[in-house]
1. Report the antiparallel proportion of the DSSP beta bridges in region 3-218 as a percent, rounded to a multiple of 5.
2. Choose one answer from LYS171, LYS148, LYS53: the residue with the largest mean-square fluctuation in a GNM of the chain with alpha-carbon springs under 10 Å.
3. Using 0.36 nm per residue of separation minus the Cα-Cα distance, give me the extension gain between THR179 and ARG201 in nm, one decimal.
4. Please give the residues of region 36-74, grouped as numeric ranges, whose backbone N is less than 15 Å from a label point set 7 Å along the Cα-to-Cβ vector of ASP24.
5. Find the centroid of the Cα atoms in region 105-151 and in region 158-219, then give the distance between the two in whole Å.
6. Longer than 31 Å from Cα to Cα, which of LYS99/LYS171; LYS125/LYS171; LYS53/LYS148 are they? Say none if no pair is.
7. Taking θ as phi - 60°, what are the ³J(HN,Hα) couplings along region 16-23 by the Karplus curve (6.51, -1.76, 1.60), each to the nearest whole Hz, with x for Gly and Pro?
8. For the Cα atoms of the chain, what angle does the longest principal axis make with the long axis of helix 151-163, in degrees from 0 to 90, nearest 10?
Amino acid sequence: MPNYLGLDGFRRGWVAAWIDDRGDHSFDYSSGLTRLLAVPHARAMIDMPIGLKTSGYRVCDLRARELIGPAVFLGARRDLWMFPDMPTANQHYRQNGDKGVSSQLWNIGDKIKEVDDVMTPLRQKTIGEAHPELIFWNLAGERRLEPKTSAAGREQRLEFLETRGFTKVRKWLTQRHGTGIGRDDLIDACACAIAARDSTRCLDGEDPDPRGLRMEINY
């Protein structure tokens, strides 16, 4: 049976969740993407920008922000990792009449580069970008859930995962201690796996980036 793979980054690396058409599911983690992406899969979704501008904000990010708010980080650019720190990066961008990057996006710059290093237009046929909060927004009938940091918001997300096949997710959350995997990281990886299996919608709206990668968010 084909596997559907969801990935999310965390401080020490990447966490991945799989589910197949029979409902079998599991999770794993690694310091790098290579081993996780080597697992055979029909489709994968990753919570990280794919397709990067050299200036300005991506249209898909702006459209997603309209739907789910500041959970979408702005400023994904291919040269971001060339700067030693965020103030230097933003000084450069603003001196050239461009927009700055958010601190949240700056903090995942190494993960953005790692994804960009392995992505090609061919690989993008089976590996797409997703956003967990947009996935949950869609699962909830196009409405925003309670904040994921709240007990009520966490329960809402877990219930959506369970009803769509991730019945072991609560057990997994008790098994992550010592791995560095955050609670939200594992939940988000499961959401991305659901999108890999089920999603038919995406936000797009502009031409591919200079490397030919599509700038779109699947949900």
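1. Details: 16 of 25 bridges.
Of all bridge pairs located within region 3-218, approximately 65 percent are antiparallel.
2. Per the Cα network of the chain with a 10 Å cutoff, LYS171 tops the list.
3. Working: separation 22, 0.36 × 22 = 7.92 nm, distance 3.31 nm.
Result: 4.6 nm gained on full extension.
4. 39-42
5. 7 Å
6. Numbers: LYS99/LYS171 43 Å; LYS125/LYS171 33 Å; LYS53/LYS148 29 Å.
Violating the 31 Å Cα-Cα cut-off are LYS99/LYS171; LYS125/LYS171.
7. So the J values, rounded to whole Hz, are 10, 10, 10, 8, 10, 5, 8, x.
8. Compared with the principal axis, the helix lies near 60 degrees.
All of the numbers you see were taken from the coordinates with simple rules; none came from a lab. Nothing here was measured: the structure is a model prediction, and the numbers come from that model. Quick reminder, even Gly has a Cβ in these numbers, built from the backbone with ideal geometry, and neighbours come from all protein chains shown.
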